[in-house]
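Written below as structure tokens is the structure these notes are about.
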Amino acid sequence: MTDMADKSISANTPRRLWITAIIVAVLQTAVLGYMVGERAWGLRSGVEVLLKTAPVDPRDLLRGDYVTLNYDISRVPISTLRDGPPKISLFQQTLSVRLKRQDDGYWGIVESSFKPLDPKPDTVILKSTPFDYAFYGEPADPSQQMIGVTYGIERYYVPEGQGHDIESARNANRVAIAARISSDGRAHIRSLLLDGKSVYEEPLY
């Protein structure tokens, strides 16, 4: 009986491995499909904004064939915070930032909050990626205090060998990004502009 049981277990082992592998493959495909679909939906339906990039220092020597991007809106003035900064230490917070088109065509910060912001005409709400934030006391000069945030659009892949040229243009303030902001506050890069002209377009898929 023991030999028969061992043979039965041995025979079922490959089958269980195949079933497990199939389940894992299905789950991976589903997750990948969701990510691709979410990005495509954001690019197709989001509100387009033009963002001004800022120089990056020091250079990321391990970037490969992508350009590291920094934005004017990456530094959020504490003075724009609705109700001011929290009075206690908070960790892994998400900052909601309201953007509005400025006279020069670029979109800038007009309001921010650690709480949800209500929609308003002619503005979009962009959410930062989660980050650690701690605030102690009142800043000496609130207008000079900034909160550094990221939005998940700080890296842009380019054709092999072209990263250095774009980085040089970026540091000369010649690069801008056209991004789509979806209704849930996520940003997706649609195109990279050099001297106001689109040079790289992102496909939906």
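Just so you know, all these numbers are worked out from the coordinates, no wet-lab data involved. What you are looking at is a predicted structure, and each value in this text was computed from that prediction instead of being measured. Note that each Cβ is placed from the backbone with ideal geometry, even for glycine, and that neighbours are counted across all protein chains shown.
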TODO: Using only the Cα atoms of the stretch 46-201, build the gyration tensor, take square roots of its eigenvalues as a ≥ b ≥ c, and label the shape rounded, prolate or oblate: rounded if a/c is under 1.5, else prolate if a/b is larger than b/c, else oblate.
DONE: prolate
- [ ] With a point put 7 Å past each Cα toward its Cβ, work out how far Gln102 is from Tyr66 in nm, to one decimal.
- [x] 2.7 nm
Open item on the list: What FRET efficiency comes out for Arg174 versus Lys120 if R0 is 22 angstrom and r is the Cβ-Cβ distance? Round to the nearest 0.05.
Closed with: 0.10
